[in-house]
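J.: Would you mind keeping the following structure in view while I ask a few things?
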Amino acid sequence: MSGVVLAALLLILIVASLYLFVAKPYWFPVLASVHGGSIDSLFSTVLVVSGIVFIIVQGMLGFFVARYGQSGNERASYWHDNPKAEAILLISTAVILTILVFMGQRVWASIYFVDAPADALVIQVTGEQFSWNFHYPGPDGAFGRTDPKMITSANNIGLDRSDPPAKDDIVTVGEMHVLAGRPVKVRIRSKDVIHSFFLPNLRVKQDAVPGMAIEVWFTPNRPGAYEIACAELCGLAHYRMRGFLTIDDSQENFNKWLQQKAAEQ
Ligand SMILES: [Cu+2]
């Protein structure tokens, strides 16, 4: 094949990739949390840096095959060892990757190594095959005792209603409400296998591991209705773990929902 044809194919590859990146026909779902902005901008930075390298490398490859391989049967000259070129490529790659890694560490630390504010709303999330259970502490702010022995089909998390702090607790299945602007701390558990609590719009994704209570916190900031998913293939009906997150715009609406759920149980 003539080098010119290969160069033309490479050009199409470059233009198509650039189009996908600039026009963003497939991109992230709408952002609805405070910390998500730093994740998205880091993602874009990595994509821009690797995109520039991609265009330079593919562009040079296209240029050389078109310029020196028109008839398709030329022989390339071969040589061994070019310490200068190797040093330049190695050091520049190492510097770029190290900078990107440190940028990533900073974002990670700002999300995972910072404690949730004291006034954060705490919600206990329990994954099971195949649903998400949400446990709110109710007006007293204290969670009631749970006991695996008390789990029944009507009591998914084994909440002991005879425990005083449990009296006003609220448990919902597949339905979670939070309040815009108020930090939320979720305590994630699993009853059976490994699940992954995923809030795509909030850029939150955390594994639910049996025997562990893993906490993550975030601040929702865009009222609306969003999706909750399980991001770990956890069994045949994994897809059914889809749930619904509502970010309420006011304390009144949030309280109204809590009261309605309390009345239902
Ligand atoms: Cu799951």
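Bear in mind these aren't lab numbers, they're just calculated from the coordinates by the rules spelled out. Just so it is clear, the structure is predicted and the values come from calculations on it, not from any experiment. No Cβ is skipped: glycine too gets one built from the backbone with ideal geometry, and neighbour counts run over all protein chains shown.
J.: Based on the Cβ-Cβ distance of Glu215 and Val30, what FRET efficiency does E = 1/(1 + (r/R0)^6) give at R0 = 25 Å, to the nearest 0.05?
T.: Once the sixth-power term is evaluated, E becomes 0.50.
J.: Run the simple label-point estimate for Ser50 and Thr152 please: 7 Å along Cα→C-beta, distance reported in nm.
T.: So the label points at Ser50 and Thr152 sit 5.2 nm apart.
J.: Sum -39500 (n - 2.57) across every DSSP H segment of at least 4 residues in the chain, then divide by the residue count to get the 222 nm mean residue ellipticity, nearest 500.
T.: Helices in the chain give a 222 nm mean residue ellipticity of -13000 deg cm²/dmol.
J.: Return P(r) of the stretch 121-264 (all Cα-Cα pairs; 10 Å bins starting at 0; whole %; ordered from short to long distances).
T.: 12, 44, 36, 8
J.: For Glu227, list long-range residues whose amide hydrogen, built 1.01 Å from N in the peptide plane, is under 5 Å from its own amide hydrogen.
T.: Amide H to amide H, under 5 Å and 5 or more residues apart or across chains, Glu227 pairs with Asn201, Leu245.
J.: Could I ask something else about it? Kindly express, to the nearest 10 degrees and within the range 0 to 90, the angle between helix 36-68's C-alpha long axis and the longest C-alpha principal axis of the chain.
T.: Its long axis makes an angle of about 20 degrees.
J.: Taking amide hydrogens as modeled 1.01 Å from N in the peptide plane, which residues meet the under 5 Å criterion relative to Ser33, leaving out close sequence neighbours?
T.: So Ser33 has HN proximity to Asn221.
J.: Please list the equivalent ellipsoid semi-axes of the chain, computed as the square roots of five times the alpha-carbon gyration tensor eigenvalues, in descending order and whole angstrom.
T.: Values for the chain, descending: 52, 19, 18 Å.
J.: Between Ser196 and residues 5 or more places away or on another chain, which pairs have amide H atoms under 5 Å apart, with H built 1.01 Å from N, and which residues are they?
T.: Ala208, Ala231, Glu232
J.: With a cut-off of 8 Å between alpha carbons and a minimum separation of six or more residues, what is the relative contact order of the chain in percent?
T.: Answer for the chain is 19 percent.
J.: What does the extension gain come out to for Leu97 and Ser2, with contour length at 0.36 nm per residue minus their alpha carbon separation?
T.: In short, 30.7 nm is gained.
J.: Which peptide among 186-194, 204-212 comes first, and what is the full order, when sorted by highest mean count of other Cβ atoms within 10 Å?
T.: Output ranking for 186-194, 204-212: 186-194, 204-212.
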